[in-house]
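Only one structure is covered here, and it is reproduced in the block below.
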Amino acid sequence: MYRFIVRRLLWMIPSFFAVSLVSFIIMRLPPGDFVTSYAADLATSGSPADQGTLDNLRHHYGLDRPLYVQYVTWIVNALQGDLGVSFEYRAPVADIIWSRLGMTFLVASCTLLFVWAVAFPIGIYSALRQYKIGDYIVTFLGFVGMATPNFLLALVVMYISVVYMGYSVGGLFSPDFVNAPWSFARFMDLLHHLWIPVVVLGVAGIAALIRIMRANLLDELHKPYVETGRAKGLPELTLVLRYPVRVALNPFISTVGWVLPTLVSGDVIVATVLSLPTAGPILIQALKTQDQYLAGALLLFQCIFVLIGTLFSDLLLAWLDPRIRYDS
Amino acid sequence: MTASPTTPEPGQGGSLPGGPVEHSLIQSEAVESEIEALEAAGQPPAAGRAVASQWKLMWWQFRRHRLAMASAVILLLIFLVAAFCEFVAPFDPLAFTPRYTYAPPQAIHLFDRDEQGDLVLRPYVNGFKVTIDKKALRRVFVVDPTVKFPIGFFVKTEPYKMWGLFTLEHKLIGPLDPSNPMYLLGADRLGRDLFSRTVYGTRISMSIGLIGVALSLVLGVVLGGISGYYGGRIDHVIQRVIEFILSLPTTPLWLGLAAALPSDWPPLRIYLCITIILSLYGWTNLARVVRGRFLSLRTEDFVTAARLDGASEPRIIFRQMAPSFVSHIIAEVSLAIPNMILAETALSFLGLGLQPPIISWGVLLQEAQNIRSIATAPWLFAPGVAVVIAVLALNFVGDGLRDAADPYSHR
């Protein structure tokens, strides 16, 4: 067990370098760099910059050095907490991204809890009522949930709230609280806004998890040990909840591994539609303006966030499920 | 799982057209009719099972899945629309009519009353009354039931190019007088016909799904096959790579790659690049399935027997092993297409995928991005509904195929 944990932790090191390399390649992939688009901006505004100034800028930001030097400099600085400078905001990247990433983390964790809370009872219900009308309804709704792009769902929720309920649902805070310091009132205001992105982001995950929970539980329900319990006179509900459900619980822990990437992915799109102060919207902005250090840092942290989530779920699984052996 | 075998509807014989496994009907007529008789009597076709080919068994299993059958029909219609979109779309998707900015959808009325007051089959759409909203300073369209524009099927129109190859001058549906408006799904902010645009979008969106999956399939089969067949160190490396790719948040990375495409590229090249970007992720799941099948089949007795008989490696792979996992791969592929479609839609919606001269469902949904336009014109959601229907149908068909491909599921 300890060997497994150590090995799993060591595995994080190559993973970290792999994601950092991927992030770096993506941020350097577009032709030209920030200085090119900066020069184009100046040219359109009527005061083109001379080549010397541009070269100076490039040199100042290290853009004229070979790519591998740029990568090593970037990653070494990043490990020391210096993530570079955002060209667009003219501020250190670290100052911009923390609150945004924090909000992404908050939204993703709340969504995960919501997904669990909803999928657990419905999945059990659906398995116990296999091929009954309730099961069919749940299964059908589940498919619809998986088929609906979450940005479309966000648009529909916005449409309903504006047209039928008469208020707009953007953001995570009311205007009064956007820049206010944390207080109980601000927290309540956050909760008031949070449920919409949580529901929108959660739907696809709930649909998928219900199907997995149902399939797992169906596999267990017909095993001899369940029959034994029933023969001994255990009440049906106690029996189901105490034994087969516990065995079928694995997907709830392993969801962290596969729901987290989709939540972070979904956050990018849904946050743009609902104008949430999470990492997604500024990532898109940064990619469009080639604000490379900002985009790179956001990509890097989103990947790391997911890697840590996967690690967490692997460790939890190893701890909870005695059938899983890692010492092969 | 002991559901009693369902009896097929009368007329739902083996010659049912359009099913995805249609070509598998290679049974002789005699056995066919015998089986039909047994099935009609509500018994499992035990006599036929022994001689039926694997495809035949799959087809029986698939046909029992009602939802999958219905979805297969819908899917066929969608692909027909995609293939013949020039003919189906009543108007040029790029032609704009400023007079009809944000015109609401006009419903088709099939029956009309003639002079005697009797109902006759004479399809028409109602015209619009245009009023000016003084406060918002914009035109408001109201459907005017007194004005009727007759419409018809196979109407004559301006000549147009079909597939860019030959000229046609009839459309599936359209107003009899080409100058009359017919907005079946309403108009967008430039007065373009949303129905025609959604129809054209079908071609791009569905083909991205198909081409993307075809690319992923090549990658997945080659890498998964190598991984499963040779095993050992190379398998280990490929598996770690797959696990790594699967643990990445896809959308941010896709966005990054898509943003790197130069905006001055021709639309076709952008389209191909987006497809490649999407399949860079899509191959992983297919590779896993292929590897899993290879691993489990490698140790089967019939493979060992073939090897002892001196069959060559390619013969073992293609002759002995392939028939027993091709069906699984087809099922997985049909489940992978919807993900491609959803991904393309999301990228284009954010403005980093396909760009406006190309029409895809995602590009169309860009119009629905801000709350003001969807509040005035909720019909802009129509392409989104098309996405949901297509993805649902593909999922159901894939689900049905997966059940049918599993030799151990006897529902």
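Of note:
- Over all other residues within a Cβ to Cβ distance under 11 Å of B:Thr167, the charged ones net out to -2, with Lys and Arg as +1 and Asp and Glu as -1.
- Between the alpha-carbon centres of region A:104-133 and region B:326-364 there is a gap of 27 Å.
- Once C-alpha pairs closer than 8 Å and six or more residues apart are averaged by separation and normalised to the residue number of region B:225-290, the relative contact order reads 38 percent.
- In the protein assembly as shown, helices alone account for a calculated mean residue ellipticity at 222 nm of -21000 deg cm²/dmol, with every DSSP H run of four or more residues adding -39,500 (n - 2.57).
- Counting neighbouring beta carbons within 10 Å and listing from fewest to most, the residues B:Thr202, B:Thr345 come out as B:Thr202, B:Thr345.
- Note on A:Val259, B:Val289: ascending count of other Cβ atoms within 10 Å places them as B:Val289, A:Val259, the fewest first.
- Reachable aspartates and glutamates from B:Lys171, criterion Cα separation under 14 angstrom, eight or more residues apart if same chain: B:Glu86, B:Asp92, B:Glu158
- Averaging the sequence gap over all C-alpha pairs within less than 8 Å and six or more residues apart, then dividing by the number of residues, gives chain B a relative contact order of 19 percent.
- Cα centroid of region A:71-95 to Cα centroid of region A:142-207, whole Å: 32
- For the pair A:Asp176 and A:Arg90 in one chain, pulling the backbone fully straight at 0.36 nm per residue adds 28.3 nm over the alpha carbon distance.
- Three-way shape label, chain B, alpha-carbon gyration tensor, a/c 1.5: oblate
- Average other protein chain Cβ within 10 Å of Cβ, residues A:259-272: 4
- Residues whose amide H lies under 5 Å from that of A:Val85, counting only those 5 or more places away or on a different chain, are A:Val93; hydrogens are built 1.01 Å from N in the peptide plane.
- Cα→Cβ-extended label distance, 7 Å offset, between B:His236 and A:Asp135, nm: 4.3
- Karplus-derived 3J(HN,Hα) values for region B:360-372, using 6.51 cos²θ - 1.76 cosθ + 1.60 with θ = phi - 60°, are 10, 4, x, 4, 5, 6, 4, 4, 8, 6, 9, 5, 5 Hz; glycine and proline are entered as x.
- Other protein chain Cβ atoms within 10 Å, averaged over every residue that makes up A:155-164: 4
- Residues A:Met103, B:Met206, B:Met69 arranged by fewest to most Cβ contacts within 10 Å: B:Met69, A:Met103, B:Met206
- FRET efficiency, B:Lys134 to B:Gln369 (Cβ-Cβ, R0 30 Å, nearest 0.05): 0.60
- Other-chain or far-sequence residues with amide H under 5 Å of B:Leu176's (modelled H): B:Ile151, B:Gly152
- The alpha-carbon of A:Lys232 sits under 19 angstrom from the alpha-carbons of these aspartates and glutamates, leaving out residues fewer than 8 places away in its chain: A:Glu220.
- Dividing the mean sequence gap of close Cα pairs (under 8 Å, 6+ apart) by how many residues chain A holds gives a relative contact order of 28 percent.
- One Cα centroid belongs to region A:250-295, the other to region B:111-132; the line between them spans 51 Å.
- Per-residue shielding of B:253-264, expressed as the average number of other chain Cβ atoms within 10 Å of the residue Cβ, stands at 6.
- What the Cβ-Cβ distance of A:Arg3 and B:Arg66 gives, at R0 = 56 Å and to the nearest 0.05, is a FRET efficiency of 0.65.
- Amide hydrogen proximity for B:Val143: with H placed 1.01 Å from N in the peptide plane, the residues at 5 or more positions away or on another chain lying under 5 Å are B:Lys129.
- Of B:Pro90, B:Pro262, B:Pro105, the one that fluctuates the most in a GNM where chain B has Cα springs shorter than 10 Å: B:Pro262
Read the figures in this text as sums done on the coordinates, not as results from a lab. Because the structure is a prediction, the values reported are computed rather than measured. Positions of Cβ are generated from backbone atoms using ideal geometry, with glycine treated the same way; all protein chains shown enter the neighbour counts.
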